[in-house]
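Reading through the structure tokens given below for one structure.
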Amino acid sequence: MQGDRRATLTLAPADDEWRVSLKGGASAADGAAAAADCEIEAQGPLNGQTIEARVVPFEGTDLSVSAQDLAARPAGVKVDLGPQGAIVSTDFQGCGVGADLSGRYARAGAAPKGAAALRPGAAIADLRAAYPDARLEIVEGYPWARFAMRQGGRPTALLTFDGENEELADGRNSIQAIGAVVGWDALKPAVRVTKVEAVKS
């Protein structure tokens, strides 16, 4: 896609269907003209390797959609799953101009052969051993800090830890360090991963 767009795709079971959560889609390359990040919440069944989901009402951080909105303009999200990630397409028209959540998403934890996969519960020592050259950019601090794991200069996964914004070994609150890029040694050794999210490529 044009520009350096970053978005996350999260899939979670919801009864006999799947909840599809998308967030992001704006390009930092647009500078001051960048659109606000977009959000979509959808739900639908998994058929083979495809989730056909309908957008559902939700109240998000950057966007809220009501049942009345969807009655006037229904929308859907299609997620085609593959071994390396997913391809997402949507006809949702509630995003700002320039924000785009359709595209290819890399699977979080696509580790080099022999390396431990990213997963909730992973310890810092395991991650340092598996991804010694990775860097962590603090990209969000509320309600809990999120760290973009970067390899070769590109974000490969978004990680949340159990440190409750007290992950940094130097005593700083993570909210005070948004935008900082650090190594594994900057984190307290006792913290563990609580959530892994894919990053749109």
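Couple of notes before you dig in:
- Hey, Gly171 on the phi > 0 side of the Ramachandran plot, free of Cβ contacts under 8 Å to residues at least 12 places away in the same chain and not assigned by TED's automatic domain parsing to the domain that holds Leu81 or not: yes
- Pairing each residue of segment 79-95 that is under 20 Å from Ala157 (Cβ atoms) with any residue that is hydroxyl-bearing (Ser, Thr, Tyr) and assigned to a loop (DSSP other than H, G, I, E, B), provided the two are 6+ apart or on different chains, yields C-beta distances under 6 Å for Val88/Ser102.
- For segment 42-84, a tally of residues being of a type in the set (Ser, Thr, Tyr) and either surrounded by 16 or more Cβ atoms within 10 Å (Cβ to Cβ) or in contact with a Pro (Cβ under 6 Å, 6 or more places away or on another chain) (or both) returns 1.
- Residue count, segment 170-201 (criterion: assigned to a loop (DSSP other than H, G, I, E, B), among the aliphatic types (A, V, I, L, M) and surrounded by 14 or more Cβ atoms within 10 Å (Cβ to Cβ)): 3
- Boolean, Lys188 is basic (Lys, Arg) and modelled with pLDDT of 90 or more: yes
The values are calculated or read from the model by the stated rules, or taken from the named source; none is laboratory data. Values in this document were obtained by computation on a predicted structure and should not be read as measured data. Heads up, the Cβs are rebuilt from the backbone with ideal geometry, glycines too, and the neighbour counts pull from every protein chain shown.
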